[in-house]
Amino acid sequence: MEPNYDPQQIEAKWQQRWAEQKLFETEADAARKKYYVLEMLPYPSGDIHMGHVRNYSIGDALARYMRMKGFNVLHPIGWDAFGLPAENAAIKSQRHPAEFTFAHIDRMRAQLKRLGFSYDWRREFATCVPEYYRWNQWFFLQMYQRGLAYRKHSRVNWCPKCCTVLANEQVVDGCCWRHEDTPVVEKELEQWFLKITAYADQLLDHMKLLLRWPERVLAMQQNWIGKSFGTEVEFTVEALGRPLRVFTTRVDTIFGCTAVFIAPEHPLVEEIIARSPSVEHLLHLRSEVERVKASAVRARVEVNLEKQGISTGFTARNPYNGESVPLWVANFVLMEYGTGAVMAVPAHDQRDFEFCTAYGLPIRTVIVPARKSVRIGEMVIVRRGTSRTPTCDLGERRAIIREVDDNSYLLDFGEDIGGFGPDGRTWRVNEGDFDPIESDEPTAPDTPTSAYVEYGRLIDSGPYTGLTSQQAIERMTRDAEAQGFGKGTVQYRIKDWGISRQRYWGTPIPMIYCGACGVVPVPEKDLPVILPPHVTFTGTGESPLAQVPEFVRTTCPQCGGPARRETDTMDTFVDSSWYFYRYTDPKIDTAPINREKVRYWFPVDQYIGGIEHAILHLIYMRFFTKVMKDIGLVDSPEPVARLFTQGMVIKDGAKMSKSKGNVVDPTEMCAKYGADTVRLYMLFAAPPEKDLEWSDAGIEGASRFLQRVYRLVGRHAGSVRTVTAATTSEISDAGGGPAGLSAEERRLLRKAHQSLRHVTDDMEGRWHFNTDIAILMEFVNELVEMEPGLAAGSIHPSVLKNALEILVLLLALFSPHVADELWEALGHSEALLEVAWPQYDAALAAEEELEIPVQWNGKLRARIRVPAGASEDEIRRRALAEPKIAQALDGRQPAKVIVVAQKLVNIVVK
RNA sequence: GCGAAAGUGGCGGAAUUGGCAGACGCGCCAGACUUAGGAUCUGGUCCCGUAAGGGGUGGGGGUUCGAGUCCCCCCUUUCGCACCA
């Protein structure tokens, strides 16, 4: 009678034993190689969901593998415990957010423990305790001292449902990132900002250090930072005598500028209205500008809103050609990007084109396609005076293109032209220094129907006519700088991080407002500024802290006079921007982090989490690290060496969520199948970086597999448990190598070592756990198939034990409880986590005989079996002798026979 | 529009460097054991064809002895950014 697989009993037993043995506890140890596995810390929402299980199952497989490989592994977990949901629940039930938060943490901790992840629980902490958040305040003060935290009155994004401000990163499609159907409104508020823009260049530059981050994440961050090079050009508003700076990336098109557009919020707009020639005109202008402004606000929520504008009646002078062009207010111009003013070049910008067409403004073409593309070997005409260094008048000559790279070409003149080229007759020139012989004379199209936005060659552009766009941009920017009406500049899309939240459940911003001294930071010795426990939640949009007089009323640290505290709290993304440093010494109370421990454990070797944090968390975290490096707290500018972003867990085509009602509860699944099955299924159903579609039938399959393994090992444990397993080297040495074993034994060990090889290689490389588990299934299938041979005694128990041990050991990465149970059944007393990961034996894994497909003109026609070491000649002979082939050949000679060693034969016949 | 990823059986997915397309699992079909089976075990399962054989990895071209894989063009889907000047 076979014992039944009882995951509940097995898992409880091993979880208890692991805890008793303190198996997951680690300490820094300079003598050992370290490995830091980090999974994104969960928000205590109340229940662990399948996305967490997937995340942590991946991390745990890696942590266990690295442990068995002999690394000193740090594998911590904690709680991102401040935040809105707890506060919203508190408003509803009139209980304290801390109550919810800690109850949720207790519950989720139990759920995580039920899943058996190998966390060092001693390092657990929640970010909502003063021992942690005082350091948020400390960081804030450090940044304030360095001018990296500042207060500014500004237009901010406000979510009416959250009743608080949102950072730019928290606005998704014009809506709140938590409430995807709630449009964000704009509000004017005094807010605290962190100067992430000061690190924009570093954030961009250091991406080159992030070699093992997914391309996708880097692309998204690069996009978000949005660095663009351009030129600032100073126009003059003539009647006002006022300078008006515009930003452009295409100064080469400026001779085609037929208007200047400014944003409705531009400071000049007020002045323009005030200087209107008549009251009537003033009123008209004012109402029109308001209308445009209103449409602009909507445009930021809706995409592709109609372009609207109003002529101001004023003109602006273009410093390049002295021309006066009309000045318009336009709804699509953003005050917060560039200078809030743009030059309108309708011929070469699609938005300008649409606007100018709608309002009847002139369109002037100044860029034409440079020419048709040239190819190596083509004949071209080089223009008189073309030169690179050194200067030389080439006159008009014919040349052949020899080489092409980015923008330069190697021309061959076929004769010596003065010894400047590499061999006296070749010359390297820029694009635009020559014309292809057949190229048409560049001319402007008669009536353009859309803007020509590509680079090209300039026409009708005064002294710059004839240059290519690239050349013109460079030269025109230089000229503007020389003459003082412009300069080359860099623009970023990223904005400073607004961290003020008009909410209770967060870190109080440690600032004091004094009537006499102004804004005064809380002295470091007075930290932490404690969140007062008793507050009334109004949900009205003012910070609840403002309603607590004993919190607000304080004395000024500078003058001792009466003062009030800042009542806003910090964005919770501050909490998660440095928590991973804290795990190395979570209780330290003299500094935010323990530098020595950080030096040992950092960088995080592997960070694992959802792609949804590609911009938010992962950019804030990088920013914090850079500030910490500048403060001298850490050595490296980047905290995470390798990032892995797992896919989402999907059910019925949509991400699992309470609102969609398609949630599968991991805890229920644990009760039904056991944690080992849930974890195994999470890793088996899809490769970890792809989305995973939940299937009830699928998890049944995973459960059946574990039962099958359990029964299989159980059937043989009795007969091998007292036997000493043959070691791999003993097996290799037996009778002078694998040859000393029976064919059945060799077959068994081959499969075992092939499986070991596959899983080892995969853990070191691709992380396709789904294929690892498939290999384990094949291994089990093969073992079951071989059972008659076992009964017949053709496999020595010590060999069988070796194979079973490899099976159980591999399983330990994915389903650790049942693996330990079976390991024990095989006669061991230690947990598998303490067993060294074995090296596979290439000789044992090698196939003895190969089945080689024989193709006939690329189509499979036959198969031959040959010994693994067969020579090409032998394989060719065997293939040609194969009856089907010989028959098809019918005495003819094949045109060609291709033999790929170990792989295939292809017989080519005409 | 820009950037990234992806498109393979009824389904999830395999095929690491160009070399047997569909591993493994789910589902389905048949059988065994059973009073019974939603348990377990055995066999089958890309399509057309009785067969020999032929077709087949979103579509179209190309390179190659040989293409899911490489190149060119196109289509579709997902994700991120987006009147960013």
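The values are calculated or read from the model by the stated rules, or taken from the named source; none is laboratory data. Keep in mind the model is a prediction, meaning the values are calculated, not measured. As a convention, Cβ positions derive from the backbone with ideal geometry for all residues, glycine included, and neighbour counts pool all protein chains shown. To get the accessible areas, we keep the full protein, side chains included, count just its heavy atoms, and leave off ligands, DNA and RNA. Shrake-Rupley method; radii C 1.70, N 1.55, O 1.52, S 1.80 Å.
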Filter the stretch A:866-910 for residues that are among the charged types (D, E, K, R), within 9 Å of RNA strand B (Cβ to nearest atom) and within 22 Å of A:Leu850 (Cα to Cα) and give the result.
A:Lys884, A:Lys903
Pairing a residue in the stretch A:152-169 that is closer than 21 Å to A:Arg493 by Cβ and in contact (Cβ under 8 Å) with a residue 40 or more places away in the chain with any residue that is part of a loop (DSSP other than H, G, I, E, B) and of a type in the set (D, E, K, R), where Cβ atoms lie under 6 Å and the two sit 6 or more apart in sequence or on different chains, gives A:Asn168/A:Lys495
Got a sec? Which of A:Thr253, A:Thr231, A:Thr236 is more than 15 Å from RNA strand B (Cβ to nearest atom), closer than 22 Å to A:Met476 by Cα and open to solvent by less than 50 Å² (accessible area, probe 1.4 Å)?
A:Thr236
For the stretch A:466-512, how many residues meet the condition of being crowded, with 21+ Cβ neighbours inside 10 Å, assigned to a helix (DSSP H, G or I) and in contact with a Gly (Cβ under 7 Å, 6 or more places away or on another chain)?
3
Pick out the one residue from A:Gly432, A:Gly462, A:Gly486, A:Gly456 that is under 43 Å from the mean Cα position of the chain (by Cα) and modelled with pLDDT of 90 or more.
A:Gly486
Taking the condition of being open to solvent by 30 Å² or more (accessible area, probe 1.4 Å) and assigned to a helix (DSSP H, G or I), how many residues in the stretch A:194-228 meet it?
16
If you scan the stretch A:155-167, which residues turn out to be surrounded by fewer than 17 Cβ atoms within 10 Å (Cβ to Cβ) and within 16 Å of RNA strand B (Cβ to nearest atom)?
A:Arg155
Regarding the stretch A:684-699, can at least one residue be identified that is among the aromatic types (Phe, Trp, Tyr), free of Cβ contacts under 8 Å to residues at least 60 places away in the same chain, in a helix (DSSP H, G or I) and within 14 Å of RNA strand B (Cβ to nearest atom)?
no
Here are some residues: A:Asp47, A:Asp6. Which one is surrounded by fewer than 23 Cβ atoms within 10 Å (Cβ to Cβ), more than 22 Å from the chain's Cα centre (by Cα) and in contact (Cβ under 8 Å) with a residue 40 or more places away in the chain?
A:Asp47
Give me the pairs, please: first residue somewhere in the stretch A:26-44 and over 16 Å from A:Phe580 (Cβ atoms), second residue anywhere and outside any strand (DSSP E or B), beta-carbon distance under 7 Å, and either six or more positions apart or on two chains.
A:Ala30/A:Tyr600; A:Lys33/A:Phe71; A:Pro44/A:Ala81; A:Pro44/A:Thr101; A:Pro44/A:His104; A:Pro44/A:Ile105; A:Pro44/A:Met108
Determine whether the stretch A:773-781 contains at least one residue that is open to solvent by 10 Å² or more (accessible area, probe 1.4 Å), within 11 Å of RNA strand B (Cβ to nearest atom) and in a loop (DSSP other than H, G, I, E, B).
no
Under 6 Å between Cβ atoms, which residue pairs at least 6 apart in sequence (or on different chains) link something in the stretch A:358-380 that is of a type in the set (Ser, Thr, Tyr) with a partner that is at pLDDT 90 or above?
A:Thr365/A:Ala347
Looking at A:Ser719, A:Ser755, can you tell me which residue is outside any loop (DSSP other than H, G, I, E, B) and within 14 Å of A:Phe779 (Cβ to Cβ)?
A:Ser755
Are any of the residues in the stretch A:54-76 part of a loop (DSSP other than H, G, I, E, B), under 29 Å from the mean Cα position of the chain (by Cα) and surrounded by fewer than 20 Cβ atoms within 10 Å (Cβ to Cβ)?
yes
Collect the residues in the stretch A:788-801 that are over 23 Å from A:His828 (Cα atoms) and either within 51 Å of the chain's Cα centre (by Cα) or open to solvent by less than 20 Å² (accessible area, probe 1.4 Å) (or both), keeping them in residue-number order.
A:Gly789
Going by what's in this entry, would A:Gly765 be described as more than 22 Å from A:Asn802 (Cβ to Cβ) and either at pLDDT below 90 or more than 16 Å from RNA strand B (Cβ to nearest atom) (or both)?
yes
